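Have a look at the structure below, then the notes.
The numbers here are math on the coordinates, done by the rules we state, and not lab data. The model shown is predicted, which means the values in this text are computed figures rather than measured ones. Every residue, glycine as well, gets a Cβ built from its backbone with ideal geometry; the counts of neighbours run over all protein chains shown.
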Amino acid sequence: MLPLLRRAALALPPLFLAGPAFAAPAASAAPSAGDTAWMLASTALVLLMTVPGLALFYAGMVRKKNILATMMQSFFITCLLTVTWVVVGYSLVFTNGTPFIGDLSRFLLNGIATHWNAAFVLGAGSAAAEPTTIPETVFVMYQMTFAIITPALICGAFADRMKFSAMCVFMVAWSLLVYAPVAHWMWAPTGWLAGMGAADFAGGIVVHTTAGVAGLVCALILGKRLGYGVDNMSPHDLSLAIIGASLLWVGWFGFNAGSALAAGGRAGMAMLVTQIAAGAAGLTWSFAEWITKGKPSVLGAISGAVAGLATITPASGFVLPGPALIIGIAAGALCYWSATSLKHLLRYDDSLDAFGVHGVGGIVGSLATGVFAYGPLTADKDHPLGVIIGGLAQLKVQALAVGVVAVYTAVVTAAILYAIAAVFGLRVTREEEREGLDVVLHGEQLS
């Protein structure tokens, strides 16, 4: 989610408290009040995407007997992944470590007291070191919101049927074994995909490709919902879903524009192209339904907008408005096809289209970045034409990154699920599924 030139880890002071033998990293100026304020606002916006945004979006699309359980997933994951990130996740992603994973030197945010009120240096100690204008505390919190929403997106694929205990174990294991390594590959200065020049401004590969592919694997391994294709599984309350989608849309400005890490021209461009792609995708999905089914649905409109948001995410800091319009149209068309025709063709039950919207969107957007990247958006004194420039060479790098991440995610996700199934069991019983997860898992229900 960082600009290419700002992928990094932090300096690594070894104690929780500052001391004379463990000085803060050198040359840290005071943070910029304007940039810090923008990043604080962006952080709140991204957190808003999970609670209540994603919670409402997903809850509105399930049956009444599973609404509370679905909302509980997003809420509880927010609690669970907050602690996981502070204890070990941040360290695994944003320390220099190796090209494949960080180290544990920032366990429990070790050393943060040494420079809590200074602008910190991304990639300190590496060739990619670059000063920022925000304090580390804000960076930690901003990145935490991404680590929360990524696994939460997967819940849409296994809605109505996974045990709550299995879900909790899966989310922690997945965040450490899939999200942390992939985020390190792309966004840490020593990450091997970053070193190859792969571009992912705000998470098309790290967030949407991983969550989407993991969702597909979950749907395949858990199997279809009881009565799928026979019983009426229409959403119980689309008003909740449209409120959730609206919150996601607004929160996405923090997701994409906030990834510039500063209140400047690049953040402004990222915000503009995000809005354009979302609008274009929402229209495209709606018109596709209008043509094929005779009516544009509410569910289709909000799904299309979210597809556009997911698809523009990796490209948002690299493209201009014209390409953003093209990306949005492609997102609406391809994600509509994936969530309808492809799902039925391959006969898998991706309950709320985690793969069809986020997986396909993240992959399409990541590849489109390789085609449409506008060089001046990443230009500096050493690269006056830009660091990321659309063309065949960049497209090849993007395709390799997407392919490697998709395969790695699929294999590790499957391994985690099979291990949990052997130890705890993955799925509620048929009788419990019929009764509904609200009562079975939480002892509560909507009246």
Rounded FRET efficiency, nearest 0.05, which uses the C-beta distance separating S165 from S341 and R0 of 30 Å: 0.25
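If packing is taken as the average count of other Cβ atoms within 10 Å, what order do 101-109, 140-148 fall into, highest mean first? Write out the running numbers ahead of the final one.
On the way: 101-109: 17.9, 140-148: 23.0.
So the peptides 101-109, 140-148, ranked by packing, come out 140-148, 101-109.
Ranked by Cβ crowding within 10 angstrom, fewest neighbours first, how are T36, T95 ordered?
On the way: T36 19, T95 24.
The most exposed by this proxy come first: T36, T95.
Work out how much length F76 to A118 would gain on full extension: take 0.36 nm times their residue separation and subtract the Cα-Cα distance, in nm to one decimal.
Values: separation 42, 0.36 × 42 = 15.12 nm, distance 3.25 nm.
That pair, F76 and A118, stretches by 11.9 nm at full extension.
Multiply the residue gap between V411 and D231 by 0.36 nm, knock off their C-alpha separation, and tell me the result in nm, one decimal place. Write down the numbers at each step before the final one.
Working: separation 180, 0.36 × 180 = 64.80 nm, distance 3.21 nm.
61.6 nm is the gain from fully extending V411 to D231.
Taking the convex hull of the Cα atoms, report for region 234-332 its projected area averaged over all directions, in nm².
Values: hull surface 24.8 nm².
Its average projected convex-hull area is 6.2 nm².
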Cα-projected label distance for K396 with K293, points at 7 Å along beta-carbon direction, nm: 4.2 nm
Nonlocal amide H pairs with L122, under 5 Å, H built at 1.01 Å: E130, T132
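Going down the list K65/K163; K163/K224; K224/K343; K64/K163; K65/K295; K65/K224, which pairs span over 23 Å between their C-alpha atoms? Don't jump to the answer; show the numbers that get you there.
Values: K65/K163 15 Å; K163/K224 15 Å; K224/K343 12 Å; K64/K163 18 Å; K65/K295 28 Å; K65/K224 17 Å.
Cα-Cα > 23 Å for K65/K295; rest within.
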Cut-off 13 Å (backbone N to label point 7 Å along Cα→Cβ of R434), residues of region 216-237: 226-227
Centroid-to-centroid separation of region 421-447 and region 310-341 [C-alpha atoms, Å]: 36 Å
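Hey, what does the equivalent ellipsoid look like for region 172-261, semi-axes from the Cα gyration tensor as sqrt of 5 times each eigenvalue, largest first, whole Å? List each step's numbers first, then the result.
Values: eigenvalues 200, 86, 17 Å².
Each semi-axis is √(5λ); the values are 32, 21, 9 Å.
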0 to 90° range, to nearest 10: angle between helix 33-48 axis and the chain longest Cα axis: 20 degrees
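Provide the gained length on full extension for the span V423 to T98, in nm with one decimal, where the gain is 0.36 nm per separating residue minus the Cα-Cα distance.
113.8 nm
Based on the mean of other beta carbon atoms within 10 Å per residue, what is the order of 218-226, 382-390, most packed first? Provide the component values of the computation, followed by the final result.
Numbers: 218-226: 19.3, 382-390: 15.7.
The packing order, highest mean first, is 218-226, 382-390.
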Ellipsoid equivalent to the chain - semi-axes via the Cα gyration tensor, in Å: 35, 26, 19
Scattering curve values for region 129-219, log₁₀ I(q)/I(0), Debye with Cα scatterers, q = 0.14, 0.16 Å⁻¹: -0.56, -0.70
Distance in nm between pseudo-label sites at A129 and S239 (7 Å out along the Cβ direction from Cα): 5.7 nm
Neighbour-count order for F372, F355, F76, F170, fewest beta carbons within 10 angstrom listed first: F76, F372, F170, F355
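Of all alpha-carbon pairs in region 304-346, indicate the percentage at a distance above 15 angstrom. Write out the running numbers ahead of the final one.
Values: 374 of 903 pairs.
Roughly 41 percent, once rounded to a whole number.
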Listed peptides 190-203, 317-330 by packing density, highest first (mean Cβ within 10 Å): 190-203, 317-330
